[in-house]
Amino acid sequence: MTVASPGPEHHFVHRIGWLRAAVLGANDGIVSTASLIVGVAAASPDRSIILIAGVAGLVAGAMSMAAGEYVSVSSQYDTEQADLDKERQALETAPEAELEELAQIYAMRGVEIGLARQVATQLMEHDSLAAHARDELGISETVGTRPVQAALTSAATFSVGAILPLAALALVPVSHVIPVVSIASLVSLALLGAISALVGGAGVVKAATRVTLWGALAMAVTAGIGALFGTVI
Ligand SMILES: [Zn+2]
């Protein structure tokens, strides 16, 4: 570690939350729609069937992302609120025990017990619920307050991703669908991985390679299964 540059260093963890959600949504949209298109194209060279499968994949995926996100954010919110209610009650009924509990938490993190009690006392005078929420429950800010917004964002980012392979499908003759959709999707995945790594301050090549390999694997597997079913049926 160097201490050459004075001033605060730049951290990226705070930006990761929404960015990660957006990139994951778009990734899912690209990978699942492209895989569906490639799989169906490997089974049947019928343009309208491939297109229906792709559009159905977009709608189903967007709805499933929205539902999943809504449920996950709502249940996280409910859990947080239940924990905070319990804590609020404990602070009213047993403030002494709660003060000691907080002091023990700081002591366990390496603060000498006398000082830990002092810190706990001052923090609880400032905002006792916030102190317990943060240091005992690990809730620094309630993130799960907007399930509808989270659901819509997820559905939107998935759809943006899903449109890329659908557009590639629309632009080429049916005989070229598999290579063009695969390559266009892998390039989009690599770009998306690189952009998110750049914004998040992580390694660009590593991020792009990781996401591209998983996308290639998904498409290869569905293409294989599609080809198998196409010859069997
Ligand atoms: Zn407590």
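Relative contact order for the stretch 10-93: 24 percent, from Cα pairs under 8 Å spaced at least 6 residues apart, divided by residue count.
Put S48, S35 in order of accessible area, highest first, and with a 1.4 Å probe you get S48, S35.
The relative contact order of the stretch 128-233, computed from alpha carbon pairs under 8 Å that lie at least 6 residues apart in sequence, is 15 percent. When only Cα pairs below 8 angstrom with a gap of at least 6 residues are kept, the chain shows a relative contact order of 38 percent. Subtracting the Cα-Cα distance of E101 and L171 from their residue separation scaled by 0.36 nm leaves 18.8 nm.
Principal-axis analysis of the Cα atoms of the chain puts helix 47-93 at an angle of about 10° to the longest axis.
Once the Cβ-Cβ distance of R134 and T209 is raised to the sixth power relative to R0 = 41 Å, the FRET efficiency obtained is 0.65.
Relative to the compact globular guide of 2.2 N^0.38 Å, what is the alpha carbon radius of gyration of the stretch 128-202, as a ratio? Dividing the Cα Rg of the stretch 128-202 by 2.2 N^0.38 Å gives 1.77. Translational diffusion coefficient, Stokes-Einstein: compute it for the stretch 51-185 using the Kirkwood radius over C-alpha pairs as Rh, at 37 °C and 0.692 mPa s, and state it as an integer in µm² s⁻¹. The diffusion coefficient I find is 175 µm²/s. Against the criterion of solvent-accessible heavy-atom surface with a 1.4 angstrom probe, H176, H126, H132 sort, most first, into H126, H176, H132. Roughly how tilted is helix 147-171, in degrees to the nearest 10 and between 0 and 90, from the longest Cα axis of the chain? The two axes meet at around 20 degrees.
Across the stretch 117-123, rounded Karplus estimates of 3J(HN,Hα) from the backbone phi angles (6.51 cos²θ - 1.76 cosθ + 1.60, θ = phi - 60°) give 5, 5, 4, 4, 4, 5, 5 Hz, Gly and Pro being marked x. Dividing the summed helix terms, -39500 (n - 2.57) for each DSSP H run of n ≥ 4, by the number of residues in the chain produces a 222 nm estimate of -29000 deg cm²/dmol to the nearest 500.
Protein chains only, probe 1.4 Å: how do I49, I178 rank by accessible area, largest first?
Numbers: I49 80, I178 60 Å².
In descending accessible area the options line up as I49, I178.
Relative to the dominant Cα principal axis of the chain, helix 95-108 is inclined by about 70°.
The three principal axes of the Cα atoms in the chain give end-to-end lengths of 76, 47, 28 Å, sorted in falling order. Counting every alpha-carbon pair across the stretch 10-90, the share separated by more than 15 Å comes to 71%. Using a probe of 1.4 angstrom and keeping all protein chains present, the accessible surface of the stretch 124-188 works out to 53 square angstrom per residue. Across the alpha-carbon atoms of the stretch 26-72, the computed radius of gyration and Dmax are 11.9, 39 angstrom.
For the stretch 173-219, pairs of C-alpha atoms spaced more than 12 angstrom apart make up 59 percent of the total.
The values are calculated or read from the model by the stated rules, or taken from the named source; none is laboratory data. Predicted model, so just to flag it, every value in this text is computed and none were measured. A quick note on method: Cβ atoms are made from the backbone with ideal geometry, for glycine too, and the neighbour counts reach across all protein chains shown. SASA here: full protein model, heavy atoms, side chains in, ligands and nucleic acids out. Shrake-Rupley method; radii C 1.70, N 1.55, O 1.52, S 1.80 Å.
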